Amino acid sequence: QVQLVESGGGLVQAGGSLRLSCVASGNIFSINNMSWYRQAPGKQRELVAAIASGGSTHYVDSVKGRFTISRDNAKNTMYLQMNSLKPEDTAVYYCNADLNFRPAWGQGTQVTVSS
């Protein structure tokens, strides 16, 4: 079995920073695209950032210039560096990845940004 586990969420004041991590484990022979989603209360889950195995990235407009997605393929780990956080960033953040050519989701980590 394979799984994704997020960590790094927490409570931070507006303007602060957090770094989220997502680690894939299990009998993994392939990790292709990886991405971060978030879901705020009462809202639909949205794609925040994505990164391909070769390193190309995509960001939703609302986080461009503030968030940076990266990955360490040797460690099967993806990161989301979040700077200049805003209250609107408050959500549960989920890791998503293609593991062994099938989609996998983490359990989510709460990010709360206070004003």
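Rundown of residues vs (1) at pLDDT 95 or above; (2) touching a strand residue (DSSP E or B) at 6+ places or on another chain (Cβ under 7 Å); (3) among the aliphatic types (A, V, I, L, M); (4) over 19 Å from Pro103 (Cβ atoms), yes/no style:
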residue: Gly9; (1), (2), (3), (4): yes, yes, no, yes
residue: Leu18; (1), (2), (3), (4): yes, yes, yes, yes
residue: Val23; (1), (2), (3), (4): yes, yes, yes, no
residue: Leu47; (1), (2), (3), (4): yes, yes, yes, no
residue: Ala50; (1), (2), (3), (4): yes, yes, yes, no
Item to check | Of residues in region 25-47 being in contact with a helix residue (DSSP H, G or I) (Cβ under 9 Å, 6 or more places away or on another chain) and aliphatic (A, V, I, L, M), the one farthest from Lys86 (Cα to Cα) | outcome: Ile31
Item to check | Matching residues in region 1-46 - criterion: being assigned to a strand (DSSP E or B) and open to solvent by 90 Å² or more (accessible area, probe 1.4 Å) | outcome: Gln3, Leu11, Gln13, Arg19
Checklist entry - When region 63-92 is examined, which residues are found to be polar (S, T, N, Q), more than 24 Å from Ser53 (Cβ to Cβ) and in contact with a Lys or Arg (Cβ under 6 Å, 6 or more places away or on another chain)? => result Asn83, Ser84
Item to check | In region 54-87, residue surrounded by the most Cβ atoms within 10 Å (Cβ to Cβ) [restricted to those that are touching a residue at least 40 places away in the same chain (Cβ under 8 Å) and more than 13 Å from the chain's Cα centre (by Cα)] | outcome: Leu85
Checklist outcome for this item: Looking across region 53-70 at residues that are of a type in the set (Gly, Ala, Ser) and at pLDDT 95 or above, the single one that is farthest from Val113 (Cα to Cα) is Ser56
Next on the checklist: Filter region 97-111 down to the residues that are closer than 19 Å to Ala49 by Cβ, open to solvent by 40 Å² or more (accessible area, probe 1.4 Å) and either in contact (Cβ under 8 Å) with a residue 60 or more places away in the chain or among the hydrophobic types (A, V, I, L, M, F, W, C) (or both) and list them by number.
Outcome noted: Asp98, Trp105, Gln107, Gln110
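The values are calculated or read from the model by the stated rules, or taken from the named source; none is laboratory data. For clarity, every value in this text was computed on a predicted model and none was experimentally measured. Note that we place each Cβ from the backbone using ideal geometry, even for glycine, and neighbour counts take in every protein chain shown. To get the accessible areas, we keep the full protein, side chains included, count just its heavy atoms, and leave off ligands, DNA and RNA. Shrake-Rupley method; radii C 1.70, N 1.55, O 1.52, S 1.80 Å.
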